[in-house]
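Enquirer: Please see the structure below; I have some questions.
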Amino acid sequence: MADKEPGDVASAPASNNPLSRKLSKILETRLDNDKDMLEALKALSSFFVENNLRSRRNLRSDIEKRSLAINEDFLTAFQVVKEQLDDVYSDVQAMNECCLDMTNRLKAAKAKTHHLISQTTSLHNESQKLQVKEQVAQAFLDKFQLKPDEIKSLRGTRDGALQPDFFKALSRVKQIHSDCKFLLRTNHQTAGLEIMESMALHQESAYERLYRWAQNQCRLVTQDTPDVSPLLCQAMEALQDRPVLLKYSLDEFGKARRSSVVRGFIDALTRGGPGGTPRPIELHSHDPLRYVGDMLAWLHQASASEKEYLQSLLKSCTAANVQLDEQLGHITQGVCTPFKVRVEQVLVSEQDPVTLYRLDNLLKFYHHTIGQIVNTEAALLSTVAEIQDLSHRMFFNSLTSHANKLLDKVELPPSDLGPTDSLTQSLQLLRDVLACHDASVVPIDDKKQDYKQILSCVIDPLLQMCSMSASRLTTVDMAAYMVNCIHLMNSTLALYEFTDTRLEMLNAQTEAHVDTLVSEQASYILNRVGLAQMYGALQTYKTEQGPLSSLPGLDELAVKSAVNKFDSYLAQPDSLTLPQFHLILSSSVRESATKRSTELICQAYKQVYIAVLDPTHGYKDGPAVVPRTPEQVVHLLC
Amino acid sequence: MAAGPYNYSYIFKYIIIGDMGVGKSCLLHQFTEKKFMADCPHTIGVEFGTRIIEVASQKIKLQIWDTAGQERFRAVTRSYYRGAAGALMVYDITRRSTYNHLSSWLTDARNLTNPNTVIFLIGNKCDLDAQRDVTYEEAKQFAEENGLMFLECSAKTGENVEDAFLDTAKKIYQNIQDGSLDLNAAESGVQHKPATPRITMNAGVQPPNKEGCAC
């Protein structure tokens, strides 16, 4: 349109004229910057190829035609889009319907299943409750019922063999039985009673089985060394609840062991070791000490071993000591008779008191030793005690018979008044017997008692024998002989313990005999010198008899001659010693006797001396009659 | 018949001999109690102790008879040699006289035990080396000449005590394995606890005597 009015631009004022304004606007237009315009021009150039009038005239319609064509194209294109959108819409519509339908259905389903769900929940709860109940029931069963394998092990196999499980099952039964007591305290009494009853039945049958088995096992322990299996120990432990059954089983054990010990003892006596070493005990039967000692040692060792077996059998049993001792007594009882018979034979045929005493001590020792193993009621111990008693009696019998023999044929004392052969022999025997004690181990009290008895058994008859043999001798001879015999006994006994009272008694007897000797010696001397009459008169003198010199035989002359003789005795004191004094064996006794007799003489002289010098006795020349003072006499004699 | 494990398979009987005061009882006490007994009283006659040991994974129970050394008990103690599988002959290394008496102890041991008895010579009190009166070499030679096993021990410190008892047991066990020790013979000093059924055990043993048959 711009090129439609080009003539108008010059004729109209520039500012007010619309044409000029239009023109200026056109002129001001900067085509470079107007993209739309550029696009439009570009598009125009594509079909406006020929710039001629016709085409300029037709331009508008061409453009409109083109525009129309383009719009038509656009329309058809949108037509497709629209159709497609319509399709989508219908699809979505369908989907929506579907969804709605589903929602409705779900709602319906939900409504329908609601009941089911609540039912399920309740069932579920119920099931949980039941589960808890089941657990409780299971726990109860675990606690109060036996498992099948436990019942099986309780019932055992047909051959009666016992498995270690048995004891577990048995202790379970016991546990359940005692647990039932708790059950009874609650309100489940019926269950408690029923379970208790069934457990009691189980228990009874199990104990019976156990007892049968244990009894059988115990019967089999007859070999040298019994095999005390742990199972058997367990059985004993379990049987403790049934003391009677335990006792019967132990009785079986004891019986088996008893015969085994007897067999072992007889074997040791008669067969000995392999190839004969060690030799059988009976081979030494000629040597009583060895024979009896070997037997006793064997018994000691056997009872120690048997005690060990019993201990290992009863190791798990509490307070089974009484039964143990009882059984040990029973086991060792079997050997008593064979042992006793043999030892009795030895004792009866043995004559020698020394051997008998040794045997006695040996038996005493073993009585003590074996007594530490078996208890006091055991037959073995009482057998040993019995035999020991027998040996004791046999020993004293033999001592007594020895003493009786001494008294039966009393020897005459030898001329030297020394001890007789039978006395020295008897004392040697006594020494031998007392020496046995060194080799023995009996308690000191027993020893003292024994010594006392032995001494009275030997010394008393010996003293009696000496007195009898001395009975026909003169007083002096007898005194000297007795002093000698007693001295010998004394020196024998002095070496041993517990002889003090005996020694005292013997010393007193010696004393008495020494007194006799002393007085005999003194009177002998006084008689020989002629002073006896004077001395005798002095002892009985009373004043109404008048002066001594007037008595017959005591005149001055007679006294003087006697004193003269005494004087010559003083010169040679030994000349008037009795020969028996020299025969006294003990130098100390001899010396003391001599001394005492001398003192007696001195005293006698002193009395005579005083009497003679006393003017009332009428000895005119006193000092001439008794020239020596008593002091001088003492000096000379002592 | 039970076939369970036994507490021990064998019982070995030992005897301990030697002069008075050489420490026999102390050795036994050290071995059984693992303690030293000071002021040990004189043994009266015989005493005994036990202990279970293990040799070649066999449990063995030792029954040990401890004898009195005093001469006055000789008559009693002699009876206990019978049936000993092992004899421990003890002297005191600080007292020559106890060593000098060994030959008489050995004679007793040889005469009164069976030929297979293992004799073990023990020189006790080796803790008192300063007061030693018998040299190790001398005793060793004596042991070799007489075919004895030998060790010096101390019951006080416990040195070698276990070894002496165990070595003896090993030797006895070896003798059994060699077959030189007849288990079935009575008084071998070894008692076997059967791990095998009883029938085989009884094969070599005479039928039981009836009680009192030999009375």
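Here, each number is a calculation from the coordinates, and none is a lab measurement. Please read all numbers here as calculations on a predicted model, not as lab measurements. Cβ placement follows ideal geometry from the backbone for every residue including glycine, while neighbour counts extend to all protein chains displayed.
Enquirer: How many angstrom lie between the C-alpha centres of region A:51-91 and region B:54-91?
Expert: Their Cα centres are 138 Å away from one another.
Enquirer: Tell me, what ³J(HN,Hα) does each residue in region A:96-107 have, in order and in whole Hz, if you take phi through Karplus 6.51 cos²θ - 1.76 cosθ + 1.60 with θ = phi - 60° and put x for Gly and Pro?
Expert: 3J(HN,Hα) across region A:96-107, in whole Hz: 4, 4, 4, 4, 4, 4, 4, 4, 4, 4, 4, 4.
Enquirer: Sticking with this one: Starting from a Cα-only point model with no solvent, please compute log10 I(q)/I(0) by Debye for region A:298-390 at q = 0.10 1/Å.
Expert: Results for region A:298-390 at q = 0.10 Å⁻¹ read -0.29.
Enquirer: Also: Please work out, to two decimal places, the log10 of the ratio I(q)/I(0) at q = 0.11, 0.20, 0.27 Å⁻¹ from a Debye calculation in which every Cα of region A:70-142 carries one identical scatterer.
Expert: Scattering profile of region A:70-142, log10 relative to I(0): -0.62, -0.90, -1.06.
Enquirer: So how far apart, in nm, are the two label points at A:D500 and A:Q119 if each is 7 Å from Cα heading toward Cβ?
Expert: Each label point lies 7 Å from its Cα, and together they span 11.6 nm.
Enquirer: Just to check I understand the Karplus step: with θ = phi - 60° and J = 6.51 cos²θ - 1.76 cosθ + 1.60, what whole-Hz values come out for region B:53-64, glycine and proline as x?
Expert: Working through the residues one at a time gives 10, 10, 10, 6, 6, 10, 7, 10, 9, 9, 10, 10 Hz.
Enquirer: Okay, moving on. Determine, from the Cβ-Cβ distance of A:R185 and A:Q311 and an R0 of 41 Å, the FRET efficiency 1/(1 + (r/R0)^6), rounded to the nearest 0.05.
Expert: Values: r = 41 Å, r/R0 = 1.00.
The pair A:R185/A:Q311 has a calculated efficiency of 0.50.
Enquirer: For region B:10-197, compute Rh as the Kirkwood radius over C-alpha pairs and then the Stokes-Einstein diffusion coefficient at 37 °C and 0.692 mPa s; write the answer in µm²/s, rounded to an integer.
Expert: Values: Rh = 16.5 Å.
Answer, rounded: 199 µm²/s.
Enquirer: Which lysines does B:K34 reach when only Cα atoms under 25 Å apart count, and residues fewer than 8 places away in its own chain are ignored?
Expert: Partners within reach: A:K307, A:K315, B:K13, B:K24, B:K59, B:K61, B:K125, B:K156, B:K170, B:K171.
Enquirer: Next question, about the same structure. What are the equivalent ellipsoid semi-axes of the protein assembly as shown, built from the alpha-carbon gyration tensor (square roots of five times its eigenvalues), in whole angstrom, biggest first?
Expert: 135, 41, 31
Enquirer: Could you give the spread of the C-alpha atoms of region B:54-117 along their three principal axes, from largest to smallest, in whole angstroms?
Expert: 40, 27, 20
Enquirer: Each residue of region A:241-251 in turn: what ³J(HN,Hα) in whole Hz from Karplus with 6.51, -1.76, 1.60 and θ = phi - 60°, glycine and Pro shown as x?
Expert: 6, 10, x, 5, 5, 4, 5, 4, 4, 5, 4
Enquirer: In vacuum, with every alpha carbon of region A:347-461 counted as one equal point scatterer, what does the Debye formula give for log10 I(q)/I(0) at q = 0.10, 0.12, 0.18 Å⁻¹? Two decimals, please.
Expert: Log-scaled intensity ratios, in q order: -0.35, -0.48, -0.91.
Enquirer: On a 0 to 90 degree scale, rounded to 10, what angle separates helix A:421-436 from the longest Cα axis of chain A?
Expert: 10 degrees
Enquirer: Find the centroid of the Cα atoms in region A:559-616 and in region A:221-284, then give the distance between the two in whole Å.
Expert: The two parts, judged by their Cα centres, are 85 Å apart.
Enquirer: Also: Which FRET efficiency, nearest 0.05, do A:K448 and A:Q175 yield, Cβ-Cβ r, R0 60 Å? List each step's numbers first, then the result.
Expert: Details: r = 61 Å, r/R0 = 1.02.
According to the calculation, E is roughly 0.45.
Enquirer: What distance in nm lies between label points placed 7 Å from Cα along the C-beta direction at A:E591 and A:D86?
Expert: Spacing of the two 7 Å Cα→Cβ label points: 17.8 nm.
Enquirer: If we count other beta carbons within 10 Å of each Cβ, what is the order of A:D450, B:D163, fewest first? Mind showing how you got there, number by number?
Expert: Numbers: A:D450 24, B:D163 13.
Going from sparsest to densest Cβ surroundings: B:D163, A:D450.
Enquirer: If you don't mind, there's one more thing I want to ask. Compute the length gained on full extension between A:S456 and A:R212: take 0.36 nm times their separation in residues and subtract their Cα-Cα distance, giving the result in nm to one decimal. Can you show the working numbers first?
Expert: Details: separation 244, 0.36 × 244 = 87.84 nm, distance 6.18 nm.
Net length gain for the segment: 81.7 nm.
Enquirer: Jot down the per residue volume, in cubic angstrom and as a whole number, of the convex hull over the alpha-carbon atoms of region A:386-446. Intermediate values should be presented prior to the final figure.
Expert: On the way: hull volume 6.1 nm³, N = 61.
Looking at region A:386-446, the number lands at 100 Å³ per residue.
Enquirer: Then there is this: Using the charge dipole of region B:62-136 (Lys, Arg: +1 at Cβ; Asp, Glu: -1 at Cβ; taken about the Cα centre), state which of B:F73, B:I122, B:A87 has its Cα farthest towards the positive end.
Expert: Going by the charge dipole, the pick is B:F73.
Enquirer: If you stretched the chain out fully between A:L44 and A:S127, how much longer would it get, using 0.36 nm times the residue separation minus the C-alpha to C-alpha distance? Mind showing how you got there, number by number?
Expert: Numbers: separation 83, 0.36 × 83 = 29.88 nm, distance 9.05 nm.
Separation in residues times 0.36 nm, less the Cα-Cα distance, equals 20.8 nm.
Enquirer: Suppose R0 equals 30 Å. What FRET efficiency, 1/(1 + (r/R0)^6) with r the Cβ-Cβ distance, do B:N146 and A:R279 give to the nearest 0.05? Before the final figure, lay out each step's value.
Expert: Details: r = 22 Å, r/R0 = 0.74.
Calculated transfer efficiency: 0.85.
Enquirer: I need two numbers for region A:518-637: Rg to one decimal and Dmax as a whole number, Cα atoms only, in Å.
Expert: 15.0, 48
Enquirer: All other residues with a Cβ under 13 Å from the Cβ of A:A304 taken together, and with Lys, Arg as +1 and Asp, Glu as -1, what is their net charge? Can you show the working numbers first?
Expert: Values: positive: A:K307, B:K13, B:K61; negative: A:E306, A:E308, B:E47, B:D66.
Residues near A:A304 contribute -1 overall.
Enquirer: Then there's this: How large is the convex hull of the C-alpha atoms of region B:121-172 per residue, in Å³?
Expert: 60 Å³
Enquirer: Could you give the angle, 0 to 90 degrees to the nearest 10, between helix A:165-185's Cα long axis and the longest principal axis of the Cα atoms of chain A?
Expert: In chain A, helix A:165-185 runs at an angle near 80 degrees to the longest axis.
Enquirer: Compute from the Cα atoms of region A:220-392 the Rg and the Dmax, the latter being the longest Cα-Cα distance, and quote both in angstrom.
Expert: Cα only, region A:220-392: 17.4, 57 Å (Rg, Dmax).
Enquirer: Around A:L637, under 13 Å between beta carbons, what's the net of Lys plus Arg minus Asp minus Glu among the other residues? Kindly include the intermediate steps, with their values, before the conclusion.
Expert: Numbers: positive: A:K595, A:R596, A:K606, A:R628; negative: A:D567, A:D574, A:E599, A:E631.
Summing Lys and Arg as +1 and Asp and Glu as -1 gives 0.
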